[in-house]
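K.L.:
Below is one structure. I have some questions about it.
The values are calculated or read from the model by the stated rules, or taken from the named source; none is laboratory data. Please read all numbers here as calculations on a predicted model, not as lab measurements. Note that each Cβ is placed from the backbone with ideal geometry, even for glycine, and that neighbours are counted across all protein chains shown. These area figures cover heavy atoms from the full protein model, side chains too; ligands, DNA and RNA do not enter into them. Shrake-Rupley method; radii C 1.70, N 1.55, O 1.52, S 1.80 Å.
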Amino acid sequence: MLAPVGTTGGVGTPRGGEAPMMWAEPDIAHMKMLMRAVFSSPTAAKKVGTGARDFIHRHFSDDVVAEIVKARLRYLREERASVERGSIIKKRACLLYTSPSPRDS
C-alpha cells in the first residue's frame, strides 16, 4: 500500500504544485509468506539470490556506474558547448544587424 511520505516540511514534502511523494508501506503478511518460501525452498531462494547478485553486478558495479557517469558528463559538456556556441552566434548576428551600415553614415 502506498501512503504519503509526510507533511511536516521534511524530506519528501512537496513544494508548491508538486505531487506528494509516496512511501510503500510494508505488507507484513506478504513478507511472512516470502520468508516461509525461502525457508522451505533454500535451493530456489539461492537461485533467486544469485540471479539478483549477478544483475546488480552487471548493471551497478563500480566500472558500469563510472561509465554511466562519464557518458552523462560528456553529454552535459557537449550540451553546454552547444549552448555557448549558440550564444556566440546570436551575439554576432545581433552585432551584424545592429551595427550601422556604411550607407547609414
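K.L.:
Please calculate how many Å² of accessible area the stretch 26-95 carries per residue, with a 1.4 Å probe and no DNA, RNA or ligand atoms counted. List each step's numbers first, then the result.
P.N.:
Numbers: 6510 Å² over 70 residues.
In whole numbers, the stretch 26-95 has 93 Å² accessible per residue.
K.L.:
List the residues, sorted by chain then number, that are 5 or more residues from TRP23 or on another chain and whose placed amide H is less than 5 Å from its amide H.
P.N.:
Those lying under 5 Å, H to H, from TRP23 are ALA3, VAL5.
K.L.:
Okay, moving on. Tell me the accessible surface of VAL38 in square angstrom (1.4 angstrom probe, heavy atoms of protein chains only), to the nearest ten.
P.N.:
It works out to around 70 Å².
K.L.:
Near ALA66, within a Cβ-to-Cβ distance under 13 Å, what is the net charge of the other residues, with Lys and Arg +1 and Asp and Glu -1? Kindly include the intermediate steps, with their values, before the conclusion.
P.N.:
Values: positive: LYS70, ARG72, ARG74; negative: ASP62, ASP63, GLU67.
It works out to a net charge of 0.
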